[in-house]
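Trainee: Have a look at the structure that comes next, please.
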Protein chains: 2
Amino acid sequence: MTEATRPVVTAFEWVPPFARGLVRDLRVRWALEEIGRPYDVELLNARAPRPDEYLARQPFDQVPSFRDGDLDIFETGAMLLYLGEKDERLLPADTKARWEAIAWLFSALNSVEPVIVRIVSYDIFHKDKPWAPDAREASVGLCRQKLKRVNDALAGKDWLAGQFSIADIAMVTVLNNLRHTDLVAEYPALAEYHARGTARPAYQRALEAQMADFVEEPA
Amino acid sequence: MTEATRPVVTAFEWVPPFARGLVRDLRVRWALEEIGRPYDVELLNARAPRPDEYLARQPFDQVPSFRDGDLDIFETGAMLLYLGEKDERLLPADTKARWEAIAWLFSALNSVEPVIVRIVSYDIFHKDKPWAPDAREASVGLCRQKLKRVNDALAGKDWLAGQFSIADIAMVTVLNNLRHTDLVAEYPALAEYHARGTARPAYQRALEAQMADFVEEPA
């Protein structure tokens, strides 16, 4: 495995419009764009079972999986950490800054994303269920609490760990899942942070690449 | 910062019975017990706001936070990774095994725990709400799907990454949250794995230490 290897990211060849721009291969594409590392995409059919072989690469049968030379990695958190360890533009080498970035990476995925996914679930996947409004109402307070905590932690900082890092790639893409709501806009520092992240040229290139890979019609 | 430093873990001095044995400081205590590293506990009041100073250590105002010398770390995933990087008994040094363990660490926290926390939420926090049974029914299928994926990935293996690692500390303690259900028991390899994890002497010592730190009556 050398730096000359082109890593491979798996992605879906089609997803419904509500999911476009939210599929998690965006995170890995963004990290690779930040460091200018070319990559290949292996497109999978989201509406058919993947071959059994794929489970060895991604035990939950999801995208993305990531391959660099002879190393396969699943979970976007692990992929971001792997890329971060190779490049200080993604993860600072200084001990304190490194662990601050890693802690925020885990926060995005374990403290913030789960409460956001619940809101998405009620608003989109279960929107026609009679119980969904009550379930949403019971969850949105916790979601707001987490958003406020991140908002407050951003005071005086452009990025979660001081300099831009994999933590921001995770947090900004996690926040994307609320694009159908005004929840992020309720927290000014958080909204500015989200806008700052999505304005990065590397983010824009990654998003365009994900969108360009979707076929027009389901195969 | 030297290995002679006693790390400090924050924990709650009292939680309701349903939460005892589930508070996340258990994960860090377990990792420290596996490597025989003594630690100090700083007990916090769960029912009163923590001092503002605590937010600098744990931006979500939760436990645990972790201090090793002059380094503060939040998020149990980051704490486990930090301890793993210092000791091969917690995280193998071999590249493939290391990334397999790290991927499973993220899986426990991002692919499995969120669906389990939803079940806990409906069963415990919202158990008296009229909408909770329907919301649970709509979520339990996804929970079972994730449990089955972990079950299947354990075929022929005692531990997620081959040897015992921080991934198992995370996954076993995540599964603990379903102790009020029979969901884990539906998957034999998973149930055996969970029993194997909780039978480890280091787990038992960590659990006893968490339980011993709770005061009898709320202060």
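FYI, it's all coordinate maths here, none of it is from the lab. Bear in mind that the values here come from a model prediction, so they are computed numbers and not experimental data. All Cβ positions, glycine included, derive from the backbone under ideal geometry; neighbour counts span all protein chains shown.
Trainee: Starting from a label point 7 Å past Cα on the Cβ side, list the distances from residue B:155 to the same position in the other copies, nm, shortest first.
Mentor: 5.4
Trainee: Another one. Separation between the residue B:158 and residue A:127 pseudo-spin-labels, each 7 Å from Cα along Cα→Cβ, expressed in nm?
Mentor: Rounded to a tenth, the inter-label distance reads 5.1 nm.
Trainee: Between the label point of residue A:56 and that of the same position in each other copy, find the distances and list them shortest first in nm, with every label point placed 7 Å from Cα along the Cα-to-C-beta direction.
Mentor: Residue A:56 label point versus its equivalents elsewhere: 5.1 nm.
Trainee: Strictly over 18 Å apart at the Cα level, which of A:148/B:127; A:127/B:146; A:127/A:148; A:96/B:86 would you flag in this model?
Mentor: The answer is A:148/B:127; A:127/B:146; A:127/A:148.
Trainee: Same structure again: Modelling each spin label as a point 7 Å along the Cα-to-Cβ direction, I'd like the residue B:35/residue A:13 distance in nm, to one decimal.
Mentor: 4.6
Trainee: Now, a different point. Starting from a label point 7 Å past Cα on the Cβ side, list the distances from residue A:17 to the same position in the other copies, nm, shortest first.
Mentor: Here the equivalent label points are 5.4 nm apart from this one.
Trainee: Per 0.36 nm of contour for each residue apart, how much would the distance between residue A:45 and residue A:196 grow if the chain were fully extended, relative to their Cα-Cα spacing?
Mentor: Length difference between fully extended and current span is 51.1 nm.
Trainee: Between the stretch A:69-90 and the stretch A:173-193, what is the C-alpha centre distance in whole Å?
Mentor: First find each Cα centre; the distance between them is then 26 Å.
Trainee: Can you compute 3J(HN,Hα) from phi for each residue in the stretch A:90-103, using the Karplus curve 6.51 cos²θ - 1.76 cosθ + 1.60 with θ = phi - 60°, rounded to whole Hz and x for Gly and Pro?
Mentor: These are the phi-based 3J(HN,Hα) values: 9, 7, x, 7, 3, 4, 5, 5, 4, 6, 5, 5, 5, 4 Hz.
Trainee: Per DSSP H run of at least 4 residues, take -39500 (n - 2.57); add these up for chain A, divide by its residues and hand me the 222 nm value, nearest 500 deg cm²/dmol.
Mentor: -14500 deg cm²/dmol
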